[in-house]
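The values are calculated or read from the model by the stated rules, or taken from the named source; none is laboratory data. Since we're looking at a predicted model, the values are computed, not measured. Positions of Cβ are backbone-derived with ideal geometry, glycine not excepted, and every protein chain shown enters the neighbour counts.
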Amino acid sequence: MKKTLLLLAAVASFSCKNDNAEKTAETEAVQVDSTNVEEIEYKQVDSKVIDNDSLWKPFEEDLSDFSSEIYEEVKVLIFEKSIPEIQQAIKNDKLTYEELAMFYLTRIKEYDRENEFSLNSVISLNPNLIKEAREKDQQKSKAVNNHPIFGIPVLLKDNINASGMPTTAGSFALQNNKTGDAFIVKQLKNNGALILGKANLSEWANFFCEGCPNGFSTVGGQTLNPYGRKIHDTGGSSSGSGVAVAANLAPVAVGSETSGSILSPSSSNSIVGLKPTIGVLSRGGIIPISSTLDTPGPMTRNVIDNAILLDAMLGVDDADPASKAAGGQRTGYYSEITETSLEGKRFGVIKSLMEDSLYVRAINDLKNAGAVIVEFEAEEIDLPNFIRLLNLDMKKDLSAYLKNYGGEVNYKNVQDIIDYNNQDTLNRAPYGQALFMGIVDDSATSEEFAGIKDSLKTNGTRFLEKPIKENKLDAILSINNYHAGYAAVAKYPAITVPMGYTSENKPAGLTFIGEPFNEEQLLQFAYNFEKTTQRRKTPENYDE
């Protein structure tokens, strides 16, 4: 199993990095009790691109009227609350959607940029947010069956197209990439959601520079972890989405994953992150790495909100082959989630992870709740040519995005962006662009490419399917994003839930991996674990 864990760390370091880029997955599986915690040294922390005056200009007048007294009054109704709790307060006329939006704007202004607590998790804000929130307040009494997402501000990872804000992927090159709405954003709006803004990310979803830290982009600067600012890694690539939700700068956020990009920052920031089966959610209008593996997914502080956000993005996108092939998924995930017994549910436990005390405690929690725990030795299976799959997909998929979904930008392919960055690498690519250059250098025949994809899917499926079938498992239990590579190529869904903190206050997540299109079951398992354990805690410097 050591070989397998080391392989996974190598895979993750090139796509969506593990929780700490300097450690292998194997060393991360063992807690370290140390009082000598050192700060991470970053090459660049603050953004050289974002102009705070311009960012906040649309909100100056409204924020000046939102006094600290009003903030404290509404905080009781919003802070660390679930969407159903917030909606109940609004239904009872104790809160408005405008106040909800103002609350999160106030927190972003207070905590996100240029101060001792700054997290650099937000890249841009929807300039029409307050106007749209007021419209929701006017509309709320006219509709009886509003979706639970109605009026709730949603933060989008900044590789997801949304009108009114550029979609940059964190890249200097795409600062003016002004687009229409991605398919999932249209669905969110159709269900009444408010778009809060865009979240920082690992530039180009962690497939740009080699050895660069999680959460860094030339547009957004270095995202920092609220549980250990400059101490703990944020995870990536949906770093800003994870950090903002953890610190209550947004109620919910959307991330995207190729291999670990939702699971990693969710577990690193003590929130719930779901990587759905490929095709459950459309990828249309999202800057890609791999059309084979990419998927957006919900990132939230609790499981019920995760189900609500997932449900609000559902829909068949005929322009996305994976979405079309998956067909219409069921709706109402959130209404079916209840606190039920885990009696008789069978969970597979990977023996090599049993050195981790948080994992062992989580397993005992499930056992005490009636679950059947089955320990097994994970098979040593390679994922050959994983990076080549990403190279070959990105080469064609980015060109397709720029052509079909991009704004008025003067790039047609990866090489064009490399050439642009080379004009000023200090500001446009301070960590280099080695992975982009690897994309350009790679090539394969259609037969070779098909063979790479088939081999990876076969190997990944075998790693997960064999123990599931042999032991009649309902799900496999992992830690953080340790087995994200296998789930990615097998196209299995996975959800991570807070399971506690190390002695250094580093968050960790229990990750449930299930068979394709079993999102409802995974959400139910995660919900019951969450209710039984209640392990998430608010980062202490961000609870005012």
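Kindly evaluate Q433 against the criterion of being surrounded by 13 or more Cβ atoms within 10 Å (Cβ to Cβ), under 14 Å from E203 (Cβ atoms) and not acidic (D, E). Taking the combined requirement at face value, the residue satisfies it. Counting only helices (runs of 4 or more DSSP H) that sit wholly inside the range 176-271, those with at least 1 residues that are within 30 Å of A143 (Cα to Cα) are 183-190, 239-246. Close contacts from the range 524-544, counting a first residue that is more than 15 Å from D365 (Cα to Cα) and a second that is of a type in the set (S, T, N, Q) and surrounded by fewer than 19 Cβ atoms within 10 Å (Cβ to Cβ), with Cβ to Cβ under 8 Å and a gap of 6+ residues or different chains, come to Q524/T338; Q524/T340.
Selection over the range 106-115 of residues that are free of Cβ contacts under 8 Å to residues at least 60 places away in the same chain and within 21 Å of G164 (Cβ to Cβ) gives a count of 2.
A single member of T292, T258, T277 is among the polar types (S, T, N, Q) and touching a Leu at 6+ places or on another chain (Cβ under 6 Å), and it is T258. Residues in the range 302-313: is at least one under 23 Å from K403 (Cβ atoms), hydrophobic (A, V, I, L, M, F, W, C) and touching a residue at least 12 places away in the same chain (Cβ under 8 Å)? Scanning the range 302-313, I find no residue that is under 23 Å from K403 (Cβ atoms), hydrophobic (A, V, I, L, M, F, W, C) and touching a residue at least 12 places away in the same chain (Cβ under 8 Å), so the answer is no. Here A487 clears all of (1) crowded, with 24+ Cβ neighbours inside 10 Å; (2) more than 22 Å from A322 (Cβ to Cβ); (3) of a type in the set (G, A, S) except the condition numbered (2). Looking at the range 144-163, is at least one residue part of a helix (DSSP H, G or I) and among the basic types (K, R)? Taking every residue of the range 144-163 in turn, none turns out to be part of a helix (DSSP H, G or I) and among the basic types (K, R). Among the residues of the range 289-296, is there at least one that is in contact with a Cys (Cβ under 8 Å, 6 or more places away or on another chain), more than 21 Å from V49 (Cα to Cα) and of a type in the set (V, I, T)? Scanning the range 289-296 turns up no residue that is in contact with a Cys (Cβ under 8 Å, 6 or more places away or on another chain), more than 21 Å from V49 (Cα to Cα) and of a type in the set (V, I, T). Filtering the range 335-346 to residues that are touching a residue at least 40 places away in the same chain (Cβ under 8 Å) and either crowded, with 19+ Cβ neighbours inside 10 Å or outside any loop (DSSP other than H, G, I, E, B) (or both) leaves E336, I337, L342, K345, R346. Within the set V243, V219, the sole residue that is in contact (Cβ under 8 Å) with a residue 12 or more places away in the chain and farther than 22 Å from A508 by Cβ turns out to be V219. Every condition in (1) under 14 Å from the mean Cα position of the chain (by Cα); (2) closer than 28 Å to A173 by Cα is met by S267 except one, and the failing one is (2).
Among the residues of the range 202-259, just one is surrounded by fewer than 24 Cβ atoms within 10 Å (Cβ to Cβ) and within 22 Å of H483 (Cβ to Cβ), namely H232.
Here is a yes/no grid of residues against (1) buried (at least 24 other Cβ atoms within 10 Å of the Cβ); (2) more than 22 Å from I278 (Cα to Cα); (3) basic (K, R); (4) touching a strand residue (DSSP E or B) at 6+ places or on another chain (Cβ under 8 Å):
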site	(1), (2), (3), (4)
N471	no, yes, no, yes
V497	yes, no, no, yes
T502	no, yes, no, yes
P516	no, no, no, no
F525	yes, no, no, yes
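Within the range 442-459, the set of residues being exposed (fewer than 11 other Cβ atoms within 10 Å of the Cβ) and of a type in the set (V, I, T) comprises T445 only. Here V349 qualifies as among the β-branched types (V, I, T) and outside any loop (DSSP other than H, G, I, E, B). Please work out if Y334 is at pLDDT below 95 and either over 15 Å from E520 (Cβ atoms) or under 25 Å from the mean Cα position of the chain (by Cα) (or both). Yes, satisfied.
Restricting S118, S141, S124 to those that are over 17 Å from L188 (Cα atoms), outside any strand (DSSP E or B) and either touching a residue at least 60 places away in the same chain (Cβ under 8 Å) or touching a His at 6+ places or on another chain (Cβ under 9 Å) (or both) reduces the list to S118. Considered as a group, the residues in the range 110-146 that are acidic (D, E), within 23 Å of V245 (Cα to Cα) and surrounded by 15 or more Cβ atoms within 10 Å (Cβ to Cβ) include one that is farthest from the chain's Cα centre (by Cα), and that residue is E132.
Total residues in the range 285-295 satisfying the condition of being assigned to a loop (DSSP other than H, G, I, E, B) and in contact with a Lys or Arg (Cβ under 9 Å, 6 or more places away or on another chain): the figure is 5.
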